[in-house]
1. Fully extended, how many nm does the chain gain between GLU13 and GLU506 (0.36 nm per residue separation, minus their Cα-Cα distance)?
2. Could I have the simple spin-label model distance between ASP130 and THR201, label points 7 Å from Cα toward Cβ, reported in nm to one decimal?
3. Which ordering of CYS504, CYS34 is given by a fewest-first count of other beta-carbon atoms within 10 Å?
4. How much of the pair distance distribution for the range 132-260 lies past 16 Å, counting alpha-carbon pairs only, in percent?
5. For the chain, calculate the relative contact order in percent as a whole number, restricting contacts to Cα pairs under 8 Å that are 6 or more residues apart.
6. Using +1 at the Cβ of each Lys and Arg and -1 at the Cβ of each Asp and Glu in the range 1-85, identify which of PRO41, GLY71, ASN9 lies farthest towards the dipole's positive end.
7. Estimate the FRET efficiency between GLN110 and ARG261 by the formula 1/(1 + (r/R0)^6), using the beta-carbon distance for r and 25 Å for R0, to the nearest 0.05.
8. Sorted from fewest to most neighbouring beta carbons within 10 Å, what does the list SER91, SER37 look like?
Amino acid sequence: MRANTFLYNASSELKDEFDHAGIGGAKSTLVQVCTTSAKRPFIEGILNEISVLLPDAVIVGATTTAVVHNGRTIDDGSIVSVCEFDASDVSSSIAANPERDTDWLLLGQQLADECIRDNTRMLLCYAAGDSLNAENLARGMTDNIQDTVLAGCLATSAKGGGCFVFHQGEIHDDAVVTVSLSGEELLANIHFSTDWMMLGTEMEITQARDNIVERINDTPVREIYARYLGDEALAEFDTTSMRFPLLVERDGITIARLGRRLLPSGGIELWGNIYPGEKVRFGIPSPVVAMEDFNFLIESLREQPCDALFVYPGQVRMHLLKSLTDDELSQFAETAPTMGMFTIGQFCYSPGQYSYLHYSQTTLSLTEGQDRDRDPSSVGMTNPFSPDTLEMRAVSRLVNTTARELEEANRSLEKLANTDALTGIYNRHKGQTVLQQELLRARRYNRPLSLIMIDVDDFKRINDNFGHQAGDDALIHVAETIQPLIRQTDFFIRWGGEEFLIICPETSLEGTAELADRLREAVATRPAPGSATITLSIGVTCFRPEDTQDSLIARADKALYISKNQGKNQVTTWN
């Protein structure tokens, strides 16, 4: 495999440059064109010239805000990358102008099926379009390629506002182009750098469908952005979402989800999916994380050199991690011919790893034939980072450490504010807040909600006969017995004195009554501290659409006192 990259302008003579590089005699050829120009005639001129010089080549590419060439960033230019393969095949497929209601998962499967072979080692994808769901597309492409790498990126608006992908001599503003590289001697590896650190309060996605998020913490997403980032940030939503994405952790990996557009409903459309119940935070770029990822990658490249590197930095690096990116690119160029483009999102899949989008940078290495020998000159190299990057890392570490310490302090304060000091379960203040949230959820979605109100029988007698310490021990005994027996989705609260409350979302009256009786029996049969026998009187009720918090609690109380008056150590339901 031979890789060459050329910087192109209107006066470029590609024929002379191709001849000088000896291009034209390979079994198969892949040409990638990346440009910051949105002028169709200019792009058509490049594609036509390449088609004449290399009529059998597969030609693909996309528009971008900046290109990567010879280890540096060029924010106004075009590059032509030519990869010639001696023992590998190149084929391509395209889906142009898909319908707005396209099943992107299915389309991804179809595109992969069209060009994949038994010995395919890599899929490369460039995509653009207003209705594109890039994550579902990636999932579809990777469904049947467990042993194949997926790389590539989304086209980005170039100068003049156009956002295009290229296939052979055609230019498309709404299309997905897929290339397969197949060969037994081809080795493809992809590396991602997450580059993000989480800041701020953890929030829950409460209403979402794929890449459309309507509510976070039961609040319209627009209000969440305004609260934490300000009204001015909403006015510049594209820039804001790029610099402050929503971060979600999956399988121990932090994933960034960039906002695509605000919706009239108050929600947002993202470039990737987030699902109800997932926890998110806002994020900012972290040079500390990025530098750690780079050090790992550059050492791997020195241990196992490659024939070509394709680098896809996120746009945020142009604005907030510029010196770091320049430092990294210069080091990449010393290890192998390097080309790339800045993007709003990257495809990234390797065997055993799910297909993600929107890291800050992905790097693809390609090698054909035998592994290259390690370059002895790479051993003991000096620090590759410039003073500006090192200063940026120090500032980032300061922010990260301060934020972590503040978060730990806030967690401690929150625990003190919300936890009963004696039993370690929620206190009444927290219980009232949770109950109000669950009431709103049950009413909005017409879902079941039940309460269990518990009172320790003859608690005054325990205190009088055995002392207040025995009373405290009895309450601890009840809490420790009940806690392991309820679901993680239930809320266990010390309501006051010897009274406890359990909030049971998504549970019918009958199911809650059965649980309550199991709890009653467990406490009655478990040996209690001292010589006291502890029993419980319990009331159970369920939510009605007209209920307030007070009316629901009052009904549970009535059921509880019926249990008391009818002999204690029993469960009463009140519907």
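Readers should treat all values here as calculations from the given coordinates under stated rules, not as data from a laboratory. Predicted, not measured: the structure shown is a model, and the values here were computed from it. Please note: Cβ atoms are built from the backbone with ideal geometry, for glycine as well, and neighbour counts cover all protein chains shown.
1. On the way: separation 493, 0.36 × 493 = 177.48 nm, distance 6.95 nm.
Residue separation times 0.36 nm, minus the Cα-Cα distance, leaves 170.5 nm.
2. My value for the distance between the label points is 3.6 nm.
3. Details: CYS504 24, CYS34 31.
By the 10 Å Cβ count, ascending, the order reads CYS504, CYS34.
4. Working: 6174 of 8256 pairs.
So the portion of pairs separated by more than 16 Å is 75 percent.
5. On the way: 1248 pairs, mean separation 71.8, N = 575.
Reported as a whole number, the value is 12 percent.
6. Farthest towards the positive pole: GLY71.
7. Working: r = 27 Å, r/R0 = 1.07.
Calculated transfer efficiency: 0.40.
8. Values: SER91 17, SER37 22.
In order of increasing Cβ crowding within 10 Å: SER91, SER37.
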